[in-house]
Amino acid sequence: MSVKTFWKNSTVNKLIMIFTFLWIVLSVIFGIYDLKISEFLFDSENQAGNLVQSFGEIPGILFGLFAIFTFWAGSKFRSKKQKIIVFTGGLLISTGLITYLAKLFFEYFKAYFNFVSIRGISLALMAILVSLFGFYLFKTKLQKFSEKNYLFAKLSMLLIVISGLIVQFLKFLWGRIRYEDIVNGLGNFTAWYIPQGITGGSSFPSGHVFLAWVLIPLFLIINKNKISKNIALLLTILFGLFISYERVIIGAHYTSDVLFSTGIVILIFLFLYKKYFPKKSNLPTEKVRKIKKINQAKHL
């Protein structure tokens, strides 16, 4: 398929090409001005930035749990083995998310603990119980809702897993030092395109921003009207931009760090959306007309 054909094929294809172009341009700009932007914006005492540091991941975590429970309840399994595998995987992921959520609150109130302790084990058991309750609630009380929104949940699950693995893999291997650590004399600045290996640094890309942008599929479960969908989409975009800005403000990330998390999530979302939510308007015009005529004839 040529670039011209890909462009004309659908609106989603146009968005993929436009966003990819913007990503490339911004990655070049931030590769040059990353450090200067951080020096200009840095404010370690910024209240909004510090709140985002502590609680900015929570909406994404809750969304992930919502998607897992909805996906499980709406799934139709071919065999008992497949059902066990999906349930086990979902339980492990949801338990991990709930445990991490509890860890955020403990850290905020400076109640640090070791997971290999009575408090840590108790927390893990509590997370398992909460997960099991979530699976039960969505399978019994919210079964119709889950079946109706199965594709939304499937897309959201894949978005979280695929983009999450990529972000964490890059974090582990890139070893980029955060700007706040440079200010404190704990390392030196490196450009985003020069990986440092496993150094313990985890600036590139941003985990907070990844968890902010995974909320973008939320508009898919709104069925009232197009205006409501657009408002929901706009709010998730504004939230993603807000989290990105605040992470740079307090020196936790550079602009390129938040750019790459944004790019990874949005491009994966667009490809998944194209796969699971194809539009009838993508059909050739003549075929659309024939389908309409056939449907009209059936109602005569």
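The values are calculated or read from the model by the stated rules, or taken from the named source; none is laboratory data. Please read all numbers here as calculations on a predicted model, not as lab measurements. Heads up, the Cβs are rebuilt from the backbone with ideal geometry, glycines too, and the neighbour counts pull from every protein chain shown.
Structural remarks
- For region 116-142, residues that are among the basic types (Lys, Arg) and under 16 Å from Leu91 (Cα atoms) total 1.
A quick yes/no check of all residues on (1) at positive phi; (2) β-branched (Val, Ile, Thr); (3) modelled with pLDDT of 95 or more; (4) assigned to a helix (DSSP H, G or I):
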{"position": "Gly251", "(1), (2), (3), (4)": "yes, no, yes, no"}
{"position": "Asp257", "(1), (2), (3), (4)": "no, no, yes, yes"}
{"position": "Ser261", "(1), (2), (3), (4)": "no, no, yes, yes"}
{"position": "Val265", "(1), (2), (3), (4)": "no, yes, yes, yes"}
{"position": "Lys292", "(1), (2), (3), (4)": "no, no, no, yes"}
{"position": "Asn295", "(1), (2), (3), (4)": "no, no, no, yes"}
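- Check on Ser131, closer than 16 Å to Phe63 by Cα and either of a type outside the set (A, V, I, L, M) or assigned to a loop (DSSP other than H, G, I, E, B) (or both): yes
- Selection status of Ile85, β-branched (Val, Ile, Thr) and in contact (Cβ under 8 Å) with a residue 40 or more places away in the chain: no
- Residues satisfying the stated conditions in region 71-99, i.e. in a helix (DSSP H, G or I), closer than 21 Å to Lys148 by Cα, of a type outside the set (A, V, I, L, M) and touching a helix residue (DSSP H, G or I) at 6+ places or on another chain (Cβ under 8 Å): Phe71, Trp72, Gly74, Phe87, Gly90
- Among residues of region 193-218, those that are within 16 Å of Asp257 (Cβ to Cβ) and either buried (at least 22 other Cβ atoms within 10 Å of the Cβ) or not small (Gly, Ala, Ser) (or both), counted: 15
- Some residue of region 19-37 being at pLDDT below 95, in a helix (DSSP H, G or I) and of a type in the set (Lys, Arg): no
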